[in-house]
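Q: Here you go, one structure.
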Amino acid sequence: MAISVLVLSERIAGEHPEATFELLGKGSKLAKQLGGELAVAVAGTDYPVQELGGADVILELAGLEAGAYAAPIWEAGVAAAIAASSPRVVLMSTGTVGLDLGGSLATRFGGQLASYVIDLDVDGEEILATAQLYGGKMLAEVALDSFICFATVIPGSFPADDGRSTGSPRVERIEVGEKPKAVAMAIREPETGGVDITAAPMLVSVGRGIGSSDNLELVQELADALKVPLSASRPVIDSGWLPKPHQVGKSGKKVKPSIYLSFGISGAPEHLEGMRNAEMIIACNTDPGAPIFEVAHFGTTVDLFDLVPELTERFGG
């Protein structure tokens, strides 16, 4: 049976990320619709095979080091896997690797690329991709009909549990031939600063709507009253108002607290993928059309500068 869908695992720091299992779950469904097999490409040969039982085939990219990412080298490795397996669909997450390689691989193989995808389906000879535009404020459905299609999928779009299985996929070794002259020097992890927002049962999170760093103390007082960490969206971190370990989102950390209480966060796709699996999401934003209300269980358009002091007084007393 031919391979219909190829998933790229972004195993860089030793473990397969949640996004890999999300893609395996969706990839398995697409492969069945297309009447073929699901393969997953993995850098290197040192990895736990049993974790990838959701795939029919594992393509080991021999010559690639999982702990040393360099885009030109990985592109050569993934290109070798595509050439060897001839999939109809190639799935990558909208992360470092997918953003680096999606466009270049699609160009190399003359295929179509859909980015920031949140859903995929098969309709006859076409692959239907639903993608986010304008920070998630608009959705576009795109029909991909090229002989090979590429999709970079926003993490959190599909259930990770669907891709976890104890199956026994066959393993095929892909020799990566001559590689570009690029060197991966090191992977640097940010300092935690004593904060682990991924382990917190509750988070108070703040976004651009806070206005300035001078107003952070207002929300910090509420977090202190609730005895929980203060987290933030990327604009707050990029502005230097809070250190990197406090960031929630695609380029930050993925969290799943019992309660996620957000203030002034609009809900860009990059942020939503980091917190959409929280058990309860409570959002405060003066814009009733803010995307965060699409995932929130409860929401209000009350001004945060009126609401936060009231909550602090109630919970601090």
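Q: Determine, yes or no, whether residue 50 is in a helix (DSSP H, G or I) and at pLDDT below 85.
A: Answer is yes for this residue.
Q: Another question, if that's okay. Pull up the range 227-284, narrow it to residues that are among the basic types (Lys, Arg) and under 18 Å from the mean Cα position of the chain (by Cα), then point me to the one that is nearest to residue 157 (Cα to Cα).
A: 276
Q: Looking at the range 20-39, can you tell me whether even one residue there is β-branched (Val, Ile, Thr) and either at pLDDT below 90 or more than 21 Å from residue 158 (Cα to Cα) (or both)?
A: Yes - at least one qualifying residue is present in the range 20-39.
Q: Could you pull out the residue among 143, 160 that is in the same structural domain as residue 41 (by TED's automatic domain parsing) and more than 30 Å from residue 50 (Cα to Cα)?
A: After applying the criteria, what remains is 143.
Q: Out of 22, 15, 51, I need the residue that is buried (at least 22 other Cβ atoms within 10 Å of the Cβ) and of a type in the set (D, E, K, R). Which one?
A: Residue meeting the stated conditions: 22.
Q: Here are some conditions: (1) assigned to a helix (DSSP H, G or I); (2) aliphatic (A, V, I, L, M); (3) under 20 Å from residue 176 (Cβ atoms). Residue 24 meets all but one. Which one does it not meet?
A: (3)
Q: Further, regarding this structure: Hey, among the residues in the range 132-155 that are at pLDDT 90 or above and aliphatic (A, V, I, L, M), which one's nearest to residue 10 (Cα to Cα)?
A: 153
Q: Something else about it: Considering the range 83-112 alone, what residues qualify as being in a loop (DSSP other than H, G, I, E, B) and more than 12 Å from the chain's Cα centre (by Cα)?
A: Residues satisfying the conditions are 86, 87, 88, 110, 111.
Q: Moving on to the next point. Exactly one condition in (1) under 19 Å from the mean Cα position of the chain (by Cα); (2) part of a loop (DSSP other than H, G, I, E, B) is false for residue 115; which is it?
A: Checking residue 115 against (1) under 19 Å from the mean Cα position of the chain (by Cα); (2) part of a loop (DSSP other than H, G, I, E, B), the one that fails is (2).
Q: I'd like to know if the range 156-168 contains one or more residues that are in a loop (DSSP other than H, G, I, E, B), at pLDDT 90 or above, small (Gly, Ala, Ser) and over 18 Å from the mean Cα position of the chain (by Cα).
A: no
The values are calculated or read from the model by the stated rules, or taken from the named source; none is laboratory data. Remember, it's a predicted structure, so these values are computed and weren't measured experimentally. Please note: Cβ atoms are built from the backbone with ideal geometry, for glycine as well, and neighbour counts cover all protein chains shown.
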